[in-house]
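Scroll down for the structure; my scribbles are underneath it.
Taken together, the values in this text are just the output of simple stated rules run on the coordinates, not laboratory data. None of these values were measured; they are calculated from a predicted model. Every residue, glycine as well, gets a Cβ built from its backbone with ideal geometry; the counts of neighbours run over all protein chains shown.
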Amino acid sequence: MRQAFSFYSHYDEILQDLNDIELAKITRAILDVQFFRRHIDSITFDDRLLNVAWKGIRHSIRTQLEGYCAKNNIDYEMLFLKKAPKIRQFLPLPKGWITIVTTPSLRGAKKTLPPLANKNKNKRKRKNKRKRII
């Protein structure tokens, strides 16, 4: 789904005073939120220092998420519902193609497979090319 995000210098200023374990925890939280693995409001830490650091960057991350979701017509809240509705795109496909429709997930939702007849033709072509070479 999402390929990249901005990591601003003020994140680094906030995270500079953390030790390695704390830095790893908050960096993992940033990555999980930015790549839609966890909802931004579900992030909490046992350590007060991490909670303060998170509050310092949460607004910026929320703004990035809102902008990305608005640009790509994504309902952020819907991504984290337990029973999300199935998505179906109506695209003209060549005759015989199979469309597999699944519920939205974090890593992509839909795959389109070519018809089996075309798949077998490609195999025959490959076998013929091998015979010619040998």
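Tell me which of Tyr8, Ile26, Ile43 sits at the most positive position along the dipole axis of segment 1-43, charges placed on C-beta atoms (Lys, Arg +1; Asp, Glu -1).
Looking along the dipole axis, the top candidate is Ile43.
Return the tail of the calculated pair distribution for segment 9-79, meaning the percent of Cα-Cα pairs more than 13 Å apart.
Numbers: 1618 of 2485 pairs.
Result for the distance tail: 65 percent.
If each residue of separation counts as 0.36 nm, what is the full-extension length gain between Gln16 and Val52 once their alpha-carbon separation is subtracted? Walk me through the intermediate numbers first.
Details: separation 36, 0.36 × 36 = 12.96 nm, distance 1.32 nm.
Between Gln16 and Val52, full extension yields an extra 11.6 nm.
Report the gain in length on full extension from Asp32 to Thr44: 0.36 nm times residue separation, minus Cα-Cα distance, nm rounded to one decimal. Kindly include the intermediate steps, with their values, before the conclusion.
On the way: separation 12, 0.36 × 12 = 4.32 nm, distance 1.26 nm.
Extending this stretch completely gives an extra 3.1 nm.
Working out 0.36 nm times the residue gap between Ser60 and Phe80, then minus their Cα-Cα distance, what length gain in nm do you get to one decimal? All intermediate terms of the calculation are to be shown ahead of the outcome.
Values: separation 20, 0.36 × 20 = 7.20 nm, distance 2.02 nm.
Stretched out fully, the Ser60 to Phe80 stretch lengthens by 5.2 nm.
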